[in-house]
Amino acid sequence: MARIIRLLWRLDFDVSYPYLDKRGSALKVLTDTIQGFWTNVGPGQLPLSFAAEKTEDQKSSTTFSWEMTCLNGATEWAAGIDIDRVFDSPLAGC
């Protein structure tokens, strides 16, 4: 069975003016939708972006970036995960 070590993804869209006007709402979604889901949430590297990270000690790590024109992220499993179980992982559904 094939195993996945790292899954990279990106969703592009036109500039979201509601996001620019209500960045506090975007931050609230990241921090409050599932209380305590993310290990860290804060400003991203790009202007007007947010970044989040979730780590599960020695098991997996997920990063997420919310920017003006895209959402993107990556999940990495230290020991890999069977390809047919990737979307069963709670980290893949974030």
Of (1) surrounded by 12 or more Cβ atoms within 10 Å (Cβ to Cβ); (2) at pLDDT 85 or above; (3) of a type outside the set (A, V, I, L, M), Arg6 satisfies all except one. Which? (1)
Give Ala52, Ala74 a once-over and let me know the one that is touching a Leu at 6+ places or on another chain (Cβ under 6 Å), over 30 Å from Met1 (Cα atoms) and of a type in the set (Gly, Ala, Ser). Ala52
Within segment 52-80, tally of residues that are more than 15 Å from Val29 (Cβ to Cβ), of a type in the set (A, V, I, L, M), surrounded by 13 or more Cβ atoms within 10 Å (Cβ to Cβ) and out of contact with any helix residue (DSSP H, G or I) (no Cβ under 8 Å at 6 or more places or on another chain): 1
Scanning segment 27-51 residue by residue, the ones that are open to solvent by 60 Å² or more (accessible area, probe 1.4 Å) and either in contact with a helix residue (DSSP H, G or I) (Cβ under 8 Å, 6 or more places away or on another chain) or among the charged types (D, E, K, R) (or both) total 3
Which count do you get for residues in segment 9-26 that are open to solvent by less than 100 Å² (accessible area, probe 1.4 Å), without any contact (Cβ under 8 Å) to a residue 24 or more places away in the chain and either under 26 Å from Val86 (Cα atoms) or not hydroxyl-bearing (Ser, Thr, Tyr) (or both)? 2
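The values are calculated or read from the model by the stated rules, or taken from the named source; none is laboratory data. Keep in mind the model is a prediction, meaning the values are calculated, not measured. Virtual Cβ from ideal backbone geometry, glycine too; neighbours counted across all protein chains shown. Each accessible area value is taken on the protein alone, full model and side chains, heavy atoms only, with ligands, DNA and RNA left out. Shrake-Rupley method; radii C 1.70, N 1.55, O 1.52, S 1.80 Å.
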